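Have a look at the structure below before the remarks.
The values are calculated or read from the model by the stated rules, or taken from the named source; none is laboratory data. Here the structure is a predicted model, which means the values were calculated and not measured. In this analysis, Cβ positions are derived from the backbone assuming ideal geometry, glycine residues included, and neighbour counts consider all displayed protein chains. Keep in mind that these areas ignore ligands, DNA and RNA; they rest on the heavy atoms of the full protein, side chains included. Shrake-Rupley method; radii C 1.70, N 1.55, O 1.52, S 1.80 Å.
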Amino acid sequence: MTHDHDLVLRPTAAQTEAALNPPPGRTGGDLVVESLAALGATTVFGLPGQHALAVFDALRRSDLRYIGLRVENNAGFAADAYGRVTGEAAPLLLSTGPGALTSLAALQEARAASAPVLAICSQVPTAGLGGGRHGHLHELPDQAASFRGVVKSVHTARTQSQIPSAIAEAWTSALTVPHGPVWVEIPQDVLLAETSIPVVSGGDTFPEELPPRPELTAVAADLLTRAERPAIVAGGGVARADAAKKLRQLAELIQAPVVTTYGGKGAFPWTHPLSLQSWLEDRHTTDFLEDADVLLVVGSGLGELSSNYHTFAPRGRVIQIEADLGKLESNHPALGIHADARLALQALLETVGERTDPAAPDRVRQVLDRVGARIAAQDLTLEQDVLAAVRKALPPRAPSFWDMTVLAYWAWSAFDAKAPNTMHSAQGAGGLGYAFPAALGAAAADPTHPVLAVSGDGGALYSVAELATARQYGLNVTWLIVDDGGYGILREYMTDAFGTPTPTVTDLPGPDFVALAESFGVPGVRTSPETLETDLAKALAAPGPSVVVLPAVLRMFAPTHAE
């Protein structure tokens, strides 16, 4: 009797020949590159450094496409977006010490957003490991310790024979739900030394699925079937699991209104009769969700932004489906189901009973009407017109990436993403400088659609070096920079909290962004709210990178969480 675990894949004749006679001149760096290729990687991002040069040298002998950015953190953002768009692990090649540490903010965002990034970094020579103060260039007492609280898992290879397995193990970790960034480090001397290890040809990994426990979905299905006022909160886990169709089927089957979190934008059709859209930062939506007798939360931890700044207090029964075990019931008691969103929704579809509720669309319209009336009373026509112009100019399936800026805060609530997994922002960790380098990563992943990046002038200053990257690789990204002369959202926060901002803190005398773009060989245009739609559409339609600058001071709508 043969068991599956007894089966061994036998090498082909060509593989045997290659193993017995590996080409000369290979190093540990080649083992890294060969391992990535064997696992299915096609594109890598990164920035070279002295300790990691063996890996970058090995790229010459491979078919991997290399996208080199100018700042490590931006390379991390690009890899993050590549992982979000493709669902594949995005390799990120870094060097020891300062180069590695510069990527921390990007890896924090990838962890918060469950983006699969495979960071591979060099280390000081083996003799310098162990926390001693040997004075090696870039030396840290424990480099991996700087990443353990940020990434999903840490892996080390201290000999060349460990490299293929360490990278395969990290790859599996990155792609096991919930996805996330992982860290691999290899000493410089291990990377530089010549190797007699055969060319890496086997790399299949099988990330484990995370199905729901059937006794839990049976209870959840019964609760939803018998509910009088069910509602659904759809988070980023729905989009990441490619479960939007199953979500729609379930919502229609049980006639449950759906609100999407900011990370779940596009997971439910914006204009659907059951769509509450994304107005989570509004008391009318919060009240509606609190009134649900059964609330199904899929792929969300109901964190700060998804709970109207923790003012949400459900009165009914909560069912929470979440792949990240640490987020399960972390904010509210619930029937917690630790599972991938797609598999859990499929299980519910197979067991839930059909409900009829002709009044559900009317209740949804009433909520949206109240939200609309509240916004209309605040004299925010400019902001709504600018956001509408962006939506009209952007092709329906084109991805967009948003920095932490006023227009992005509007977009979280008011922008129709049109399709799942097309609108992305840095709201996971909330760092500046995400939009443009992330958009470059998305353009590298899929050149068939133009990509939009939206930044304020403050966030743009984090990323201007990547205009060189965009130009070098001809990446099809249009960068909309809303220039309000400073950190606009922080001006509002300081005014709300202290009565007035500190100008030396929030005001930024900046560059002429059009001239700056053109100095990199990237076309730039200065637009206005009246011409934004035309100028942006033209830029998006042209191949290659471009910059559109909108001088405008935008305001946020009034919050409701403090009421």
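For the chain, the longest principal axis of the C-alpha atoms and the axis of helix 163-175 are separated by about 10°. Shape of region 110-216 from its Cα gyration tensor (a ≥ b ≥ c, root eigenvalues): rounded if a/c is under 1.5, otherwise prolate when a/b > b/c, or oblate? Verdict is oblate for region 110-216.
Just to be sure I understand, if you calculate semi-axes √(5λ) of the Cα gyration tensor in Å for this structure, which of (i) 41, 32, 20; (ii) 55, 25, 20; (iii) 66, 26, 21 do you get? Comparing each candidate, only (i) matches the computed number.
State whether region 233-310 is rounded, prolate or oblate according to the following rule on the C-alpha gyration tensor (a ≥ b ≥ c being the square roots of its eigenvalues): a/c under 1.5 gives rounded; otherwise a/b larger than b/c gives prolate, and the remaining case gives oblate.
Judged from the Cα gyration tensor, region 233-310 comes out oblate (a/c at least 1.5, b/c at or above a/b).
If you take the square roots of the eigenvalues of the alpha-carbon gyration tensor of region 496-563 and sort them as a ≥ b ≥ c, do you get rounded (a/c under 1.5), prolate (a/b over b/c) or oblate?
Working: a/c = 3.34, a/b = 1.76, b/c = 1.90.
Judged from the Cα gyration tensor, region 496-563 comes out oblate (a/c at least 1.5, b/c at or above a/b).
The residues of region 441-516 have, on average, 40 Å² of accessible surface per residue, using a 1.4 Å probe with all protein chains present. Label-to-label distance, residue 377 versus residue 311, with points set 7 angstrom from Cα along the beta-carbon direction: 1.4 nm. Which lysines, if any, have their Cα less than 16 Å from the Cα of residue 418, not counting same-chain residues under 8 positions apart? In chain and number order, the partners are 245, 265, 392. The long axis of helix 28-39 is offset from the longest Cα principal axis of the chain by roughly 50 degrees.
Taking the highest mean first, how do the peptides 496-504, 326-334, 399-407 order by number of other beta carbon atoms within 10 angstrom per residue? Working shown, then result.
Details: 496-504: 10.3, 326-334: 15.4, 399-407: 26.6.
Ranked from most to least packed, the peptides come out as 399-407, 326-334, 496-504.
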